[in-house]
Amino acid sequence: MTMTNFEDLEIWKLARYLTGQIYQLTRNGNFAKDYSLCNQIQRASVSVMSNIAEGYERGGNQEFIQYLAIAKGSCGEVRCQLYIALDQKYIDKTDADTLLDQHRKLSIMIYKFMEHLKGSGFKGAKYKAPKPDPELVEFEALLQSYLKK
């Protein structure tokens, strides 16, 4: 399957779903009242999906890998904050375990995708050779015939 948009990426789809789960979780009870933690975990979650999207849109594999590394780091940040929420009893163990497992899975998926990109000979869309300009091709042919005289 050819990817034409970041929305086609499974890692972005999962990051989007998990961001929705984090927002839903942070609307409730004492978690919603802890504005600092609530804001930080939401921002970290948004960072995961945003960095996947931004890296893809950059058009080059090296930049994409760099942005994926940032997304992976933010995924770890969300997990850390989930532990804080669990320790403060803002969330129960079942919810925490589910979200921790899903974020671990996403982190592994991001890592494997980064490794795939590193091993790929394709440098990215922005490095594709431009289509030759017909006028330039004609000019170069004329120039070569002139130089042969």
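The values are calculated or read from the model by the stated rules, or taken from the named source; none is laboratory data. For clarity, every value in this text was computed on a predicted model and none was experimentally measured. Positions of Cβ are generated from backbone atoms using ideal geometry, with glycine treated the same way; all protein chains shown enter the neighbour counts. For the accessible areas, the whole protein counts, side chains as well, though only heavy atoms, and no ligand, DNA or RNA atoms are used. Shrake-Rupley method; radii C 1.70, N 1.55, O 1.52, S 1.80 Å.
Residues considered: 9, 25, 14. Of these, the only one that is of a type in the set (A, V, I, L, M) and either over 12 Å from the mean Cα position of the chain (by Cα) or within 16 Å of residue 85 (Cα to Cα) (or both) is 25.
Scanning the stretch 87-119 for residues that are among the polar types (S, T, N, Q) and out of contact with any helix residue (DSSP H, G or I) (no Cβ under 8 Å at 6 or more places or on another chain) returns 94, 98. Scanning the stretch 42-51 turns up one or more residues that are more than 13 Å from the chain's Cα centre (by Cα) and assigned to a helix (DSSP H, G or I). Being assigned to a helix (DSSP H, G or I) and within 21 Å of residue 112 (Cα to Cα) is true of residue 14.
Among the residues of the stretch 98-123, those identified as open to solvent by less than 60 Å² (accessible area, probe 1.4 Å) and part of a helix (DSSP H, G or I) are 99, 100, 102, 103, 106, 107, 109, 110, 113, 114, 117.
For residue 30, the conditions (1) modelled with pLDDT of 90 or more; (2) more than 19 Å from residue 16 (Cβ to Cβ); (3) touching a helix residue (DSSP H, G or I) at 6+ places or on another chain (Cβ under 9 Å) all hold with the exception of (3). All conditions in (1) open to solvent by 50 Å² or more (accessible area, probe 1.4 Å); (2) assigned to a loop (DSSP other than H, G, I, E, B); (3) at pLDDT 90 or above hold for residue 129, with the sole exception of (3). Scanning the stretch 85-97 for residues that are touching a residue at least 24 places away in the same chain (Cβ under 8 Å), open to solvent by 50 Å² or more (accessible area, probe 1.4 Å) and not in a helix (DSSP H, G or I) yields 88, 89, 90.
Out of curiosity, is residue 28 open to solvent by 80 Å² or more (accessible area, probe 1.4 Å) and more than 27 Å from residue 112 (Cα to Cα)? Yes: the conditions hold for residue 28.
Confirm whether residue 54 is open to solvent by less than 70 Å² (accessible area, probe 1.4 Å), of a type outside the set (A, V, I, L, M, F, W, C), under 17 Å from the mean Cα position of the chain (by Cα) and more than 17 Å from residue 109 (Cβ to Cβ).
Taking the combined requirement at face value, the residue does not satisfy it.
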